[in-house]
Amino acid sequence: MSGINGSIYAYMRDYRAKDRRTVAFVRGRKKTAYGRFFRRVDRVAAGLAALGVGKGDVVMIATPTIEQGVTAFYAVSRIGAIASMIHPLMERGEFDSAVAEQHPKVVFLSDINFKKLGKGLKGVKKVLCPFLMDIFVGLPRGGRFTPCDGDGSQPAVYMRSGGTSGVAKTVVLSAAAVNALPDNLFRTLTHNSFGEDDRMLVALPMFHGFGLLVGLHASMSTSMAPVLLPVFNVHKAIKAIARNGVTTMIAVPRMISKLLSSREFAGENVASLKNVYVGGDTVDAELENAFDARMREAGAECFMSPGYGLTETGSVSVLSPVKVGGAAVGKPLDGMQCRIVDDEGAEAPFGEVGELWLAGNQLMTGYLDDPEGTAEAFAEADGKKWVKTGDYFKYLPDGTLFFMGRKKRLIKISGMNVYPVEIERVAAELPFVGACAAAEVRDNDKPYIALFVEGDLTEEQKKEIKKRIVYKLSRWHEPKFVICMRELPRTNVGKTDYKRLHDGFEIGAE
């Protein structure tokens, strides 16, 4: 057993002994056992070898989270190639740019994107993975292939990221960094939530680090069968939880909010839940309290565990294994370290707000073909290499990390630092405020704060929001504009899209 310093496939296979009859994953009513799964991985690995794919070659996986996508991911690792995880609904222009940058030998596509993305591919082999059939169209039946384990240092996964500076980049993760995440996670958790008798609902997509590395890789490594939900749908998610006795979920806050809006998310349908890990966006107190109340009503011994991470740090790197509440996201995983620094990179006084830096065995190798961007993302201090996250945090008295917002979202009002997440948190405490987002807007080049709120508000309610924010924070935090929207713009994984909010703002929109 090579531990984290082997291939992703070897870590998954060896971390916990796999009975060939044990369920590897579930989709709908179909259960795939490890015996069949391992045979399928070898069949796809042989097919890729027959197409000329070898160690260090790039294979793009642009499928939803379906059987073929999971199998292809581990088959690519099996032969020492690099799995490039692509959003299956990526726009054609961005996809073509990724192809030109990465030079893949093979691309796995689904019938939802085969015509759109596959049409212009030249000199690249295409494999069609139908959404409703577990087959690989266009993959030859290869004979032999040479398994490649490696020493863990080799590039293993490419993932798209907004970058620590907000510019889209391709993150390069080694096999050791990918394997370090589940290894650190299992050592950190004080309770056994990853076991053969557990089930993980995976509604986050494979191109998302949280979905791929926690939802799939961590759960399968421990023989905890992931329940695949390729398209998030509230009714189907609840049905999958109830049918499979799901004990663990990973989600972004928006998913939790949608589940809570359904009366079906209650009682026996959710009684099996034990652990819900939430990341990707801020968890406000109202959402957390509503979730806790629903779990108590259902008799479920479950609480929400917020966490934090970046693609650059192999997804989750900070987690709270015990309940702490709200924007407190816990402490670094075992194997990871953190420091909070000021604008000069010096360690900030305890309790002061600063940028979070992370070090440890989960860090990316760098950005693909971008030495300048890579150098900018890293810092050297205390004899260690740190990723500069671009996010503001502070320590609570017990050393727990408390999220204060993105560095690029910082608003300067009359020279004062204003953190939008604080405004959102206070506004969300009011019973008539739903999802909301604060952003900087400009009028005659002067910065102001706008608070965008889902739903309709009266003028009196808008005044009450402003009054409460001034009372609990300061007059510099008061939004000049409170703007009602039918729905906040979202990214493809359900996060609030602050750029679209800012770009779409018009003075007088109140």
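Just so you know, all these numbers are worked out from the coordinates, no wet-lab data involved. It should be emphasised that the depicted structure is a prediction, and the values quoted were computed from it without experimental measurement. Heads up, the Cβs are rebuilt from the backbone with ideal geometry, glycines too, and the neighbour counts pull from every protein chain shown.
Separation of the stretch 241-290 from the stretch 214-228 is 18 Å, based on Cα centroids. Less than 5 angstrom separates the built amide H of Thr65 from those of Met206, all sequence-distant by 5 or more or on a different chain.
Cβ under 13 Å from Asp149's Cβ, Asp149 left aside: what net charge do those residues give with Lys, Arg +1 and Asp, Glu -1?
With Lys, Arg at +1 and Asp, Glu at -1, the net is +1.
Going by the alpha-carbon gyration tensor, a ≥ b ≥ c the square roots of its eigenvalues, is the stretch 282-323 rounded (a/c under 1.5) or, if a/c is not under 1.5, prolate (a/b greater than b/c) versus oblate? Prolate, since a/c reaches 1.5 and a/b exceeds b/c. A simple rule links phi to the HN-Hα coupling: the Karplus curve 6.51 cos²θ - 1.76 cosθ + 1.60 with θ = phi - 60°, which for the stretch 333-349 gives 4, 4, x, 10, 10, 9, 8, 10, 10, 8, 5, 8, x, 7, 4, 6, x Hz, with x for Gly and Pro. DSSP bridge analysis restricted to the stretch 86-185 gives an antiparallel fraction near 60%, rounded to the nearest 5.
Net charge within 11 Å of Leu117 by Cβ-Cβ distance, Lys/Arg positive one each and Asp/Glu negative one each, not counting Leu117 itself?
On the way: positive: Arg92, Lys115, Lys116, Lys119, Lys126; negative: Glu91, Glu94, Asp96.
Once positives and negatives cancel, what remains is +2.
Highest-first packing order for the peptide set 82-91, 296-305, 173-182 is 173-182, 82-91, 296-305, based on the mean count of other beta carbon atoms within 10 Å.
The GluC sites (Glu not before Pro) found in the stretch 334-399 that occupy coil by DSSP, while having at most 14 further C-beta atoms within 10 Å, are Glu344, Glu352.
Restricting the stretch 17-47 to trypsin sites (Lys or Arg not before Pro) that sit in a DSSP loop and have at most 12 other Cβ atoms within 10 Å of their own Cβ leaves Arg20, Arg21, Arg29.
For the stretch 412-503, rounded, prolate or oblate, judged on the Cα gyration tensor with a ≥ b ≥ c (square roots of eigenvalues), a/c < 1.5 rounded, else prolate if a/b > b/c? Write out the running numbers ahead of the final one.
Numbers: a/c = 1.57, a/b = 1.09, b/c = 1.44.
Oblate.
Computed 3J(HN,Hα) for the stretch 217-223, one whole-Hz value per residue from the Karplus formula 6.51 cos²θ - 1.76 cosθ + 1.60 where θ = phi - 60°, is 5, 5, 5, 5, 4, 9, 6, glycine and proline marked x.
Which of the peptides 428-437, 6-15 is most tightly packed, and how do the rest follow, going by the mean number of other Cβ atoms within 10 Å of each residue? Don't skip to the answer; put the middle values down first.
Values: 428-437: 17.9, 6-15: 23.0.
Peptide ranking by packing, descending: 6-15, 428-437.
Shape call for the stretch 8-305 from the C-alpha gyration tensor, a ≥ b ≥ c root eigenvalues: rounded (a/c under 1.5), prolate (a/b greater than b/c) or oblate? Cα axes put the stretch 8-305 in the prolate bin. With contacts taken as Cα pairs under 8 Å at a separation of at least 6 residues, the stretch 412-503 carries a relative contact order of 28 percent.
Among [x] 29.2, 107; [y] 26.1, 92; [z] 22.9, 72, find the value of Rg and Dmax of the Cα atoms in Å that was calculated from the structure presented, and write down its label. Matching the structure shown: [z]. Within the shell defined by Cβ-Cβ distances under 12 Å, the residues around Met90 carry a net charge of 0, with Lys and Arg each +1 and Asp and Glu each -1. Database remark: amide H of Gly330 closer than 5 angstrom to the amide H of Leu401 (H placed geometrically; neighbours at sequence offset of 5 or more, or on other chains; Pro and chain starts carry no H).
Pull up the DSSP beta bridges for the chain and report the antiparallel fraction as a percent, rounded to 5.
Details: 53 of 91 bridges.
Percentage antiparallel, nearest 5: 60.
Tell me the chymotrypsin sites (Phe, Trp or Tyr not before Pro) within the stretch 311-380 that lie in a loop according to DSSP and have at most 12 other beta-carbon atoms within 10 Å. Please list the in-between numbers first.
Details: sites: Phe350, Trp357, Tyr367, Phe378; in loops: Phe350.
Here the sparse-neighbourhood loop sites are Phe350.
Farthest towards the positive end of the charge dipole of the chain, among the residues Leu139, Tyr395, Leu473, is the Cα of Leu139, using unit charges on the Cβ of Lys, Arg, Asp and Glu. Distance from the Cα centroid of the stretch 107-179 to that of the stretch 328-407 is 30 Å (rounded to whole angstrom). For the chain, adding -39500 (n - 2.57) for each run of n ≥ 4 DSSP H residues and dividing by the number of residues yields -8000 deg cm²/dmol at 222 nm. The DSSP beta bridges internal to the stretch 412-503 are antiparallel in roughly 70% of cases. Under 5 Å between amide hydrogens, built in the peptide plane, is the criterion, and for Ile82 it picks out Gly56, Asp57, Val58, Val59 among residues at least 5 positions away or on other chains. Annotation: peptides 306-318, 118-130, ranked by per-residue average of other Cβ atoms within 10 Å with the highest first, follow the order 306-318, 118-130.
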